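All remarks here apply to the structure that follows.
The values are calculated or read from the model by the stated rules, or taken from the named source; none is laboratory data. Computed from a predicted model, the values in this text were never measured in an experiment. In this analysis, Cβ positions are derived from the backbone assuming ideal geometry, glycine residues included, and neighbour counts consider all displayed protein chains.
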Amino acid sequence: MAEHVNCLIIGSGPAGYTAAIYAARANMKPLLFTGMEPGGQLMITTDVENYPGYPDGVMGPKMMDEFRAQAERFKTDIRYELITKVDFSGPVHKVWTEKGQEIHADSVIISTGASAKWLGLPSEQKLMNKGVSACAVCDGFFYKGLEVAVVGGGDTAAEEASYLAKLCPKVHLLVRRDEMRASKIMQDRVKKAENIEIHWNTETVEILGEEEVTGVKVINNQTQKTSEIPVKGFFVAIGHKPNTDIFKNWLDMDATGYLTVVPGTSHTNIEGVFASGDAADKVYRQAVTAAGTGCMAALDAERYLTEKEII
C-alpha cells in the first residue's frame, strides 16, 4: 500500500534541507529523500567561506551536516534513498523509490541539483579540492595572486576565466578547438583581458602534483606536441548537468535539462510541484541562492496546500 504525505522533498543539499526546515516548521510533515549524494555538491567541497553566518569558514560536509540536523530537529523524515520514477498525472503526485516503494504526495519540492561535468582523468579525481575545482566563484579566492588554468570553451569557461582574471596574475584558458562556443560578448571579454592567455586546440593530458596542483600537462591536438604549464589551480568549466532526467515528459525544462519555473516563484507547469536549487538554476549555482529557492519552494507549497485545504 502506498504511503501518503503532505509534502515530499526530492533531493538534499542547501535547497532540499532549507525547504525541509520551512516545511516542517509549517507543520507540513515533510518526507525528504536524499538521493545519491546526500548533501549535494557541497559534500565534495572543502572550505566554504562565502556562506553568511560562518565568519571563519566551514567545511562543506560539516555545513551540510548542520543543515540536515536542523531539518531533523523540526521532525523532517529523512530517508537515504533514491527516487527513480514519478507520475504527475493526477492531483495526488506519485513517486517510486529505488526499492519499489510507492509514495503519494499532495505537494512535491524538487531539489535534485546539478552535477559538474568532469574530464574523467585519474589525476583530476586525485587532486579534487587540492587545486582542482569546478567553481571559480566558490574557490577562486584561495588562488589570489597565483597562476591558474581553466578548461572549456563555452560561456561558463569564459565567465570563470574572467572572474579569475580579477584575482590572479595569469589565467590560462585551455580550449579544445580553434574557436570558442561562448557568446561573442563573452569571447570579446576574454580576448581583451591582458592576463588571460588562450591556448587553442589544447587538451588536458594530466593534472600535475601529488598533494596539491603544481601544473598541467597539455597536448596540442593539431601538432601533437605536449607541454607543461605551471599553475596552482585547475578549474574545470565544461558545464553542469541538472539531475532532472526522471522528470522528462512531466515538467517543462530547457534544452539542457534545467527545470523552468514561473519567474519569481518556484512553480513548475504542474500544479503542486515546485522546483528549487541548481536543478532550476543554471546562472548562479551557489549554496546561498539554492537555500533561498528552497525557502521559496516551501512557502509556495504551504500556500498551495492551504488553498486546497489540505493543511
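Would you confirm whether any residue within segment 228-235 is farther than 22 Å from Gly152 by Cβ and within 23 Å of the chain's Cα centre (by Cα)?
Within segment 228-235, none of the residues are farther than 22 Å from Gly152 by Cβ and within 23 Å of the chain's Cα centre (by Cα).
Given segment 211-272, what strands (runs of 3 or more DSSP E) lie entirely inside it while holding 2 or more residues that are surrounded by 18 or more Cβ atoms within 10 Å (Cβ to Cβ) and either in the same structural domain as Val171 (by TED's automatic domain parsing) or not aromatic (Phe, Trp, Tyr) (or both)?
Filter on segment 211-272 gives 215-220, 233-236, 240-242.
Could you look through segment 156-203, keep only residues that are of a type in the set (Gly, Ala, Ser) and over 22 Å from Leu119 (Cα atoms), and pick out the one that is surrounded by the most Cβ atoms within 10 Å (Cβ to Cβ)?
Ala165
One residue is enough: does segment 14-24 have a residue meeting the conditions within 21 Å of Lys248 (Cβ to Cβ) and either within 17 Å of the chain's Cα centre (by Cα) or in a loop (DSSP other than H, G, I, E, B) (or both)? Walk me through how you get there before you give the answer.
Taking segment 14-24 and keeping what is within 21 Å of Lys248 (Cβ to Cβ), we get 15-16.
Keeping just the survivors that are either within 17 Å of the chain's Cα centre (by Cα) or in a loop (DSSP other than H, G, I, E, B) (or both) gives 15-16.
Yes, segment 14-24 has at least one match.
Any residue in segment 147-176 that's within 24 Å of Asn221 (Cβ to Cβ): show its pairings with residues that are among the polar types (S, T, N, Q) and in a loop (DSSP other than H, G, I, E, B) at Cβ separation under 6 Å, as long as the two are six or more apart or on different chains.
Taking only residues 6 or more apart or on different chains, the pairs are Asp155/Ser183; Lys170/Asn195.
Let me spell it out: the conditions are (1) buried (at least 16 other Cβ atoms within 10 Å of the Cβ); (2) within 22 Å of the chain's Cα centre (by Cα); (3) free of Cβ contacts under 8 Å to residues at least 24 places away in the same chain, and Leu42 meets all of them except one. Which number is the exception?
Checking Leu42 against (1) buried (at least 16 other Cβ atoms within 10 Å of the Cβ); (2) within 22 Å of the chain's Cα centre (by Cα); (3) free of Cβ contacts under 8 Å to residues at least 24 places away in the same chain, the one that fails is (3).
Restricting segment 125-137 to residues that are within 18 Å of the chain's Cα centre (by Cα) and surrounded by 22 or more Cβ atoms within 10 Å (Cβ to Cβ), which is farthest from Lys282 (Cα to Cα)?
Here the residue is Val132.
I'm trying to understand the selection: among the residues of segment 101-122, which are at pLDDT below 95 and in contact with a Pro (Cβ under 9 Å, 6 or more places away or on another chain)?
Correct list: Ala114, Ser115.
Find all pairs meeting these conditions: Cβ atoms under 6 angstrom apart; at least six residues apart or on different chains; first residue within segment 197-210 and over 16 Å from Val148 (Cβ atoms); second residue small (Gly, Ala, Ser).
Close Cβ pairs (under 6 Å, with a partner that is small (Gly, Ala, Ser)) amount to Glu206/Ser123.
Every residue in segment 45-84 that is in contact (Cβ under 8 Å) with a residue 60 or more places away in the chain and under 19 Å from Ala136 (Cβ atoms), please.
Correct list: Thr45, Thr46, Asp47, Val48, Glu49, Asn50, Tyr51.
Condition check ((1) touching a residue at least 24 places away in the same chain (Cβ under 8 Å); (2) crowded, with 21+ Cβ neighbours inside 10 Å) across all residues:
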residue: Val108; (1), (2): yes, yes
residue: Ala116; (1), (2): yes, no
residue: Leu119; (1), (2): yes, no
residue: Pro122; (1), (2): no, no
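Considering each residue of segment 1-13, count those that are assigned to a loop (DSSP other than H, G, I, E, B) and either modelled with pLDDT of 95 or more or within 20 Å of the chain's Cα centre (by Cα) (or both), and give that number.
2
Step by step: first the residues of segment 106-120, then only those that are in contact with a His (Cβ under 7 Å, 6 or more places away or on another chain) and assigned to a strand (DSSP E or B), then the one that is farthest from Asn249 (Cα to Cα). Which residue is that?
To start, the set of residues in segment 106-120 that are in contact with a His (Cβ under 7 Å, 6 or more places away or on another chain) comprises 108, 114-117.
With the extra rule that they be assigned to a strand (DSSP E or B), the set shrinks to 108, 114-116.
Working: Val108: 16, Ala114: 19, Ser115: 21, Ala116: 24 Å.
The qualifying residue farthest from Asn249 (Cα to Cα) is Ala116.
So which of Thr289, Thr223 is free of Cβ contacts under 8 Å to residues at least 40 places away in the same chain and either within 21 Å of Gly39 (Cα to Cα) or acidic (Asp, Glu) (or both)?
Working: Thr223 fails: either within 21 Å of Gly39 (Cα to Cα) or acidic (Asp, Glu) (or both).
None of the others qualify; the one that does is Thr289.
Would you check which residues across segment 277-311 are part of a helix (DSSP H, G or I) and of a type in the set (Val, Ile, Thr) and list them?
Residues satisfying the conditions are Val288, Thr289, Thr293, Thr306.
Consider Ala71 carefully, then state whether it is over 23 Å from the mean Cα position of the chain (by Cα) and surrounded by 15 or more Cβ atoms within 10 Å (Cβ to Cβ).
On the way: over 23 Å from the mean Cα position of the chain (by Cα): no; surrounded by 15 or more Cβ atoms within 10 Å (Cβ to Cβ): yes.
When the stated conditions are applied, Ala71 does not pass them.
Tell me which residues, restricted to segment 236-268, are under 26 Å from Cys138 (Cβ atoms) and aromatic (Phe, Trp, Tyr).
Within segment 236-268, Tyr258 is the sole residue that qualifies.
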